[in-house]
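The values are calculated or read from the model by the stated rules, or taken from the named source; none is laboratory data. These numbers were taken from a predicted model, which means no experiment stands behind them. Ideal geometry is used to build each Cβ from the backbone, glycine not excepted, and the neighbour counts take in all protein chains shown. Keep in mind that these areas ignore ligands, DNA and RNA; they rest on the heavy atoms of the full protein, side chains included. Shrake-Rupley method; radii C 1.70, N 1.55, O 1.52, S 1.80 Å.
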Amino acid sequence: ILRDKLVVSDEEEEESLDEYMTSIKEKTQLTSSSKDALDVQRRASEMFWLHDLIENKIPRADIPMLVAHRGFHCVMDHSGRRPLENSLSSYESAWSAGVHLCECDVALTKDEKLVLAHDSDFTRLALDPSKNKKVSDLTIKEIIGLTFKSGTRPPLLLDVLRSAQTIGGSARLVVEIKAGNDEAGAALVRLFRRHPQLIERCAVVMSFDAYLMHRLRTELNELVEQGLALAQVKLPELLLLTVAEPPTTTYELFASVTDFNQVDSWLQHEGKPSLDGVYLQFQPQMLQPNGLAALRALSAQYKVGVWMMLGDPDDNVTASCLIEGGGVSYVNTDLPRSFSG
């Protein structure tokens with residue numbers, strides 16, 4: 001809340017200095033107190049809305065397929081109403097409200113720790129934007145000292161997985177590894193080796209990078225062969241991200257809802273099945289009868305997810321159509337206030 005610039009009239013100039021300063025102090029305290037109360041009220045309103053959405057507005061059968069994109073967060077990077085993206089509180093808020101799946105992005109620090117980060121640096125989210133070194137150039141100690149706008153710090157993937165384990169139930173992560181970041185895939189396997197009890201809290205690992213994903217499959221298979229006790233543990237599904245527009249980089253794979261013929265070859269490695277499915281970019285044609293039929297056919301063979309761009313239809317009707325009509329297993333959502341219509 002911004003206070004208007006104070007303009008002193010002739011009459012006000014006749015007040016004593018003491019009276020004038022007392023008046024300003026009272027106004028300032030009132031404004032500060034009101035702002036704090038309003039911020040708390042806004043945050044409480046968001047959490048009440050989320051709990052009501054999950055408990056009363058979404059079909060129970062759809063909830064396991066909805067994926068809270070970067071947790072329950074504010075897409076405009078404000079921290080007044082919701083937690084910041086990829087923060088520990090954004091995931092704990094979603095899981096404690098009954099959301100099953102949350103998506104996150106991971107990056108590798110200078111000392112080879114996996115930390116949650118969507119961008120190559122924290123300029124957009126940091127309290128001090130001048131500290132704009134790349135995540136890969138920062139140690140975990142430096143990252144812990146890097147404060148978000150919300151007053152929290154970027155969490156380690158280990159922190160978030162442990163939180164999911166503590167909350168229990170169906171709380172799990174969908175983890176995206178950025179293309180070209182092969183070392184992050186290897187670091188994830190090392191994390192699983194050291195903390196096998198956390199593997200079940202990772203539902204999906206995905207990337208736009210087919211080479212990275214096939215390499216990850218090989219490393220996970222080696223992990224099992226090395227004797228890790230995984231008899232009762234379900235490994236994460238490995239999904240390949242695709243785009244719906246002409247590719248702008250060498251690693252992007254274009255998949256149109258009108259033609260999924262290439263998917264088989266993408267998911268194979270050396271002529272053998274390797275990956276579990278695809279995470280498709282949303283296309284309006286997916287909601288048409290022919291598009292839904294194509295999704296159902298693909299979903300009968302593989303695990304299928306759908307991710308959205310900001311501006312795509314992000315609501316309960318669209319999600320239910322994709323889940324119930326298209327048979328997809330995962331639908332990303334930012335959980336906007338308009339989600340339930």
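Please find, within the stretch 248-267, the residue that is surrounded by the fewest Cβ atoms within 10 Å (Cβ to Cβ) out of those that are hydroxyl-bearing (Ser, Thr, Tyr) and more than 22 Å from Gly180 (Cβ to Cβ). Give the derivation first.
Of all residues in the stretch 248-267, those hydroxyl-bearing (Ser, Thr, Tyr) come to 248-251, 256, 258, 265.
Of the ones still in play, those that are also more than 22 Å from Gly180 (Cβ to Cβ) are 256, 258.
Numbers: Ser256: 16, Thr258: 10.
Among those residues, the one meeting the criterion is Thr258.
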Problem set entry | Residues being open to solvent by 10 Å² or more (accessible area, probe 1.4 Å), in contact with an Asp or Glu (Cβ under 9 Å, 6 or more places away or on another chain) and farther than 22 Å from Asp159 by Cα - total across the stretch 41-94 | 5
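Residues to consider are Asp105, Asp77, Asp128; find the one that is closer than 24 Å to Met308 by Cβ, of a type in the set (Asp, Glu) and at pLDDT below 85. Break it down into steps so the answer makes sense when it comes.
Working: Asp105 fails: at pLDDT below 85; Asp128 fails: closer than 24 Å to Met308 by Cβ.
Going through Asp105, Asp77, Asp128 in turn, just one is closer than 24 Å to Met308 by Cβ, of a type in the set (Asp, Glu) and at pLDDT below 85: Asp77.
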Seminar exercise, completed: In the set Asp182, Asp128, Asp119, the lone residue that is under 19 Å from Leu239 (Cβ atoms), open to solvent by less than 70 Å² (accessible area, probe 1.4 Å) and among the acidic types (Asp, Glu) is Asp182
Exercise. Tally time: how many residues in the stretch 294-334 are at pLDDT 95 or above, not small (Gly, Ala, Ser) and not in a loop (DSSP other than H, G, I, E, B)?
Worked result: 19
Problem set entry | Pairs where the first residue, in the stretch 312-341, is open to solvent by less than 10 Å² (accessible area, probe 1.4 Å) and the second is assigned to a helix (DSSP H, G or I) and among the charged types (D, E, K, R), C-beta under 7 Å, 6+ apart | Gly326/Arg296
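Yes/no per residue for (1) closer than 28 Å to Arg70 by Cα; (2) of a type in the set (A, V, I, L, M, F, W, C):
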position: Asp209; (1), (2): yes, no
position: Lys234; (1), (2): yes, no
position: Leu239; (1), (2): yes, yes
position: Asp259; (1), (2): no, no
position: Lys272; (1), (2): no, no
position: Val278; (1), (2): yes, yes
position: Gln285; (1), (2): yes, no
position: Asn290; (1), (2): no, no
For this session: Would you be able to say whether some residue in the stretch 86-100 is farther than 25 Å from Glu200 by Cβ, modelled with pLDDT under 95 and part of a loop (DSSP other than H, G, I, E, B)?
Result: no
Exercise. For the stretch 157-262, which fully contained helices (runs of 4 or more DSSP H) count at least 2 residues that are touching a residue at least 12 places away in the same chain (Cβ under 8 Å), under 20 Å from Ser90 (Cα atoms) and not β-branched (Val, Ile, Thr)?
Worked result: 157-167
Exercise. Cβ-Cβ below 8 Å, separation at least six or inter-chain, first residue in the stretch 289-310 and at negative phi, second in a helix (DSSP H, G or I) and among the small types (Gly, Ala, Ser): which pairs?
Worked result: Leu292/Gly325; Leu295/Gly325; Arg296/Gly325
Problem set entry | Cβ pairs under 8 Å, 6+ apart, first in the stretch 267-285 and more than 13 Å from Leu238 (Cα to Cα), second polar (S, T, N, Q) and open to solvent by 90 Å² or more (accessible area, probe 1.4 Å) | Gln285/Thr258
Seminar exercise, completed: Flagged in the stretch 140-162 as open to solvent by less than 10 Å² (accessible area, probe 1.4 Å) and modelled with pLDDT of 95 or more, in numbering order, are Leu157, Val160, Leu161
